[in-house]
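Any read-out appearing in this document is the output of simple, stated calculations on the displayed coordinates, not a laboratory observation. Just so you know, these numbers come straight off a predicted model, no measurement behind them. Every residue, glycine among them, receives a Cβ derived from its backbone with ideal geometry; neighbour counts consider all protein chains shown.
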Amino acid sequence: ERVVITFGTFDVFHIGHLNILQRAKALGDRLVVGVSSDALNLRKKQRAPIYSQTERLAIVGNMKPVDEVFLEESLEAKAAYLQQYQAHVLVMGDDWLGRFDHLRACCEVVYLPRTPSISTTSIIEVVRSV
Ligand code: C2G
């Protein structure tokens with residue numbers, strides 16, 4: 001059984017998120033997703049997500065391609081998470097290109113192209129301007 005793992009905030013879940021989960025699942029048999037915690041987002045983006053981590057875990061965990069979700073509490077713990085979930089492949093969007101190459105010692109690392117023209121930030125801007 002080939003285990004694929006990916007990580008993300010998945011705030012205000014949109015089609016770009018669904019696309020990457022579907023493409024990640026297609027690379028193996030089982031898809032595990034680390035959903036970044038509210039505290040981690042506050043640290044790295046200086047703002048809280050719109051949807052709480054409980055809501056984001058429920059949304060991502062109930063998407064068809066996803067077999068298991070867990071809370072990602074630290075960006076630096078990737079190697080430990082890969083080991084804990086026995087991952088064969090790490091998938092990240094290509095906004096992270098090159099950033100996880102050091103993990104090639106643990107598993108395959110695949111960067112997938114982002115879905116163009118959609119992001120949580122652009123959704124927030126559109127809604128704000130309505
Ligand atoms: N994504 C995508 N296309 C978009 C928007 C996002 O393919 N138009 C992908 C991103 O590349 C990422 C995933 O969807 O792989 C989740 O995106 P974010 O929620 O923005 O994830 P991020 O905040 O970058 O968190 O440990 C790493 C972090 O947790 C990644």
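Observations, loosely collected:
- Model label points for Val130 and Ile15, set 7 angstrom from Cα along the Cα-to-Cβ axis, are 1.7 nm apart.
- Rounded to the nearest 20 debye, the dipole size of the chain about its Cα centre is 240 debye, using +1 on the Cβ of Lys and Arg and -1 on the Cβ of Asp and Glu.
- Cα lying deepest toward the dipole's positive end in the chain, options His17, Ala79, Cys106, charges on Cβ: His17
- Inter-label distance for Leu112 and Gln46, nm, one decimal - labels placed 7 Å from Cα along Cα-to-Cβ: 3.2
- Within the straight-line cut-off of under 25 Å between alpha carbons, the lysines reachable from Lys44 are Lys78, sequence neighbours fewer than 8 places apart in one chain being disregarded.
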